[in-house]
Amino acid sequence: MNIAKTIAPNLPYLRRFSRALTGNQASGDAYVAALLEALIADTTQFDSGINPRTALYRAYCSLWESISINLRKTNSEPNWEATAQNQLSNIAPKAREAFLLMAVEGFTTDEVSIILGTSTSQTLALLEEASQTIVKQVATDVLIIEDEPIIAMDLERIMESLGHRVLGIARTQKEAVHLALTKHPKLVLADIQLADGSSGLDAANQILSNFPVPIVFITAFPERLLTGEKPEPAFLITKPFLPEMVKAVVSQALFFDSEPQNAEHRNKIVHSALSP
């Protein structure tokens, strides 16, 4: 079996999961790189008897749960060790894994159980624990950058259901930057392609050049942003999305925004990262 060819189609999505789990690009990609090195050294860590995507995430989560890897420091994120220790002390990592595997990656309860090596009842308990500890965020102010009215309304409803206050909805880059600079949101949800042909990525970069704020990007093509060639976002919502996915990613973004880390460094990406 050629493991490289088998797992290649799922790597962009594993990187998305890894970043959501760890809170930033550098640490998330460090885990994925460590996994690939481990699989090259020992192919038996990849269970060829189950679905390849499930097997890949199972191998990743086994690595993530290793204390020696969890506390590993990367050259690009010198403060990551202290950050991880601080944040992981607030919530059980396994519960967060279960929550993101189902809400963001779309695995079923049975698949999550296989990935985490838990029983169905244990998985359900982990999901409940995560829902209680991650989703219940302190209310904050949100800016939505979205040119589709129905999608914007859905996002507004989801944010309000979490107790957040939507400061405004922008349909263009110009509107987005104006609202951000005048209302100073504490969280931004940004579509990639806007009504007048402008870019949500450019809007995000302009906003971040003025003040740090966690930004969650919305796109139908996450693999276009996770190329490994440009600075990339830590938090992505894939269209079409379910409310549970939005809640999970937003909660993770706010969860890690409490850490002493520069939000601009974590979120800023360049327009050229998106394929035309």
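The values are calculated or read from the model by the stated rules, or taken from the named source; none is laboratory data. In this text, all values refer to a predicted model and were calculated from it rather than measured experimentally. All Cβ positions, even for glycine, are placed from backbone atoms using ideal geometry, and neighbour counts span all protein chains on display.
When each of 227, 219 is tested for being among the hydroxyl-bearing types (Ser, Thr, Tyr) and modelled with pLDDT under 70, the lone residue that passes is 227.
Here's the yes/no breakdown for (1) in contact (Cβ under 8 Å) with a residue 12 or more places away in the chain; (2) more than 22 Å from the chain's Cα centre (by Cα):
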| residue | (1), (2) |
| --- | --- |
| 112 | yes, no |
| 127 | yes, no |
| 150 | no, yes |
| 168 | yes, yes |
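One residue alone among 146, 128, 175 is acidic (Asp, Glu) and either assigned by TED's automatic domain parsing to the domain that holds residue 23 or surrounded by fewer than 17 Cβ atoms within 10 Å (Cβ to Cβ) (or both), and that residue is 128.
Residues of the stretch 188-195 include at least one that is touching a residue at least 60 places away in the same chain (Cβ under 8 Å) and of a type in the set (Val, Ile, Thr).
Cβ-Cβ distances below 9 Å connect no pair with a first residue in the stretch 21-40 that is under 14 Å from residue 7 (Cβ atoms) and not assigned by TED's automatic domain parsing to the domain that holds residue 97, a second residue that is part of a helix (DSSP H, G or I) and modelled with pLDDT of 90 or more, and a separation of six or more residues or different chains. For the stretch 205-220, the condition holds for at least one residue, the condition being that it is of a type in the set (Ser, Thr, Tyr) and within 18 Å of residue 13 (Cα to Cα).
Per-residue answers, yes or no, for (1) part of a helix (DSSP H, G or I); (2) over 20 Å from residue 253 (Cα atoms); (3) in contact with a Ser or Thr (Cβ under 9 Å, 6 or more places away or on another chain):
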residue	(1), (2), (3)
180	yes, no, no
188	no, no, no
195	no, yes, yes
204	yes, no, no
207	yes, no, no
210	no, no, no
218	no, no, yes
237	no, no, yes
241	no, no, no
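Check the stretch 91-104 and report whether any residue there is in contact with a helix residue (DSSP H, G or I) (Cβ under 8 Å, 6 or more places away or on another chain), small (Gly, Ala, Ser), crowded, with 18+ Cβ neighbours inside 10 Å and at pLDDT below 90. Checking the stretch 91-104: at least one residue is in contact with a helix residue (DSSP H, G or I) (Cβ under 8 Å, 6 or more places away or on another chain), small (Gly, Ala, Ser), crowded, with 18+ Cβ neighbours inside 10 Å and at pLDDT below 90.
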